[in-house]
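See below for the structure under consideration.
The values are calculated or read from the model by the stated rules, or taken from the named source; none is laboratory data. A quick note: this is a predicted structure, and the numbers were derived from the prediction, not measured. Cβ placement follows ideal geometry from the backbone for every residue including glycine, while neighbour counts extend to all protein chains displayed. SASA here: full protein model, heavy atoms, side chains in, ligands and nucleic acids out. Shrake-Rupley method; radii C 1.70, N 1.55, O 1.52, S 1.80 Å.
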Amino acid sequence: MTLQQALERRRSVRHYVDSPIDADTVRQCLRLAQLAPSSSNMQLYEFYHITDAAVLKQLAEACLGQKAAATAPQMVVFVTRQDLHRSRAQTVLDFERGNIQRNSPPEKQAKRIQAEEGYRNKLMPFVYARCFGLLGAFRTMLVWSIGLFRPMMRDVSEADMRIVVHKSCGLAAQTFMLAMAEAGYDTCPMEGLDSCRVKRILNLPRGAEINMIVACGIQKEGHGIWGERYRLPFDEVYRHI
């Protein structure tokens, strides 16, 4: 299946047949989801692959009884973990030290490792840390001051960084759904849900947030898709400069 075929096949399917799907295939599609771009390669997300019938029933209720959730034989909950920014930064740094040693010219390795250490040990904790909006306000004032004299990334408030984390998680979720389409399975991304109940069902810590839940299965013939796909005329969204 080509990428175009996978994109055209993928639809939000809201009713599934009452038959199991292969959990190993879903797991492999989640492995492929990890190949999606992630801001600063921080990968501040987790994938909860749900196959247990009792948990699926609880999640269906937390998803407000949506047909996609009620009939899905499996679900994947995409969770953001901004609270893990320090450990994830350290993990990437450990990899990058070896990566630089393996792939950079010897005379440039020390300088590149030093730059990477500063980025992961200082900058990442600074931009991802949260404290009731206070750290974000300080970061915003700082970058706007610097921005008076040179180009500068401005969107560094705590709300801005939360969006960054959710965007990276959303890219992984979209990659997963395309991989599932290529594997012959159907999906439906769901945002209409009680996030507090979902977190309680999965026993998630306070710092975790629900990005979306993706129902997985095989479309019930004649059901599940609400008519023809509609997209705005391309000229309404395309701007060529």
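Please tell me if residue 33 is closer than 26 Å to residue 231 by Cβ and modelled with pLDDT of 95 or more.
Answer is yes for this residue.
Can you give me the number of residues within segment 145-176 that are crowded, with 22+ Cβ neighbours inside 10 Å and of a type in the set (Phe, Trp, Tyr)?
So the answer is 1.
I need every pair where a residue in segment 177-194 that is farther than 14 Å from residue 68 by Cα and open to solvent by 40 Å² or more (accessible area, probe 1.4 Å) has its Cβ under 7 Å from the Cβ of a residue that is hydroxyl-bearing (Ser, Thr, Tyr) and at pLDDT 95 or above, sequence separation at least 6 or different chains.
183/25
Would it be correct to say that residue 112 is free of Cβ contacts under 8 Å to residues at least 60 places away in the same chain, outside the structural domain of residue 213 (by the TED database) and either in contact with a Lys or Arg (Cβ under 9 Å, 6 or more places away or on another chain) or surrounded by fewer than 18 Cβ atoms within 10 Å (Cβ to Cβ) (or both)?
When the stated conditions are applied, residue 112 passes them.
When both residues are 6+ apart or on different chains and their Cβ atoms are under 7 Å apart, which pairs have a first residue that lies in segment 135-161 and is touching a residue at least 40 places away in the same chain (Cβ under 8 Å), and a second that is assigned to a helix (DSSP H, G or I) and crowded, with 18+ Cβ neighbours inside 10 Å?
Here the result reads 161/127; 161/128, each pair linking segment 135-161 to a residue that is assigned to a helix (DSSP H, G or I) and crowded, with 18+ Cβ neighbours inside 10 Å.
Can you name the condition, by its number, that residue 133 falls short on among (1) open to solvent by less than 70 Å² (accessible area, probe 1.4 Å); (2) modelled with pLDDT of 95 or more?
With respect to (1) open to solvent by less than 70 Å² (accessible area, probe 1.4 Å); (2) modelled with pLDDT of 95 or more, residue 133 is out only on (2).
Checking residue 154 against (1) in a helix (DSSP H, G or I); (2) more than 19 Å from the chain's Cα centre (by Cα): exactly one of these is not met. Which one?
It is condition (1) that residue 154 fails.
Tally time: how many residues in segment 63-110 are within 23 Å of residue 38 (Cα to Cα) and either small (Gly, Ala, Ser) or part of a loop (DSSP other than H, G, I, E, B) (or both)?
5
Are any residues in segment 211-241 within 28 Å of residue 164 (Cβ to Cβ) and part of a loop (DSSP other than H, G, I, E, B), and if so, which ones?
Residues satisfying the conditions are 231, 232, 238, 239, 240, 241.
Quick one: which residue in 91, 71 is open to solvent by 20 Å² or more (accessible area, probe 1.4 Å) and in contact (Cβ under 8 Å) with a residue 40 or more places away in the chain?
Result of the check over 91, 71: 71.
Each row is one residue, and each column tells you yes or no for (1) outside the structural domain of residue 199 (by the TED database); (2) in contact with an Asp or Glu (Cβ under 6 Å, 6 or more places away or on another chain); (3) on the phi > 0 side of the Ramachandran plot.
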site: 9; (1), (2), (3): no, no, no
site: 17; (1), (2), (3): no, no, no
site: 30; (1), (2), (3): no, no, no
site: 40; (1), (2), (3): no, no, yes
site: 62; (1), (2), (3): no, yes, no
site: 91; (1), (2), (3): yes, no, no
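Take residue 58 and decide whether it is outside any helix (DSSP H, G or I) and in contact (Cβ under 8 Å) with a residue 60 or more places away in the chain.
No, not satisfied.
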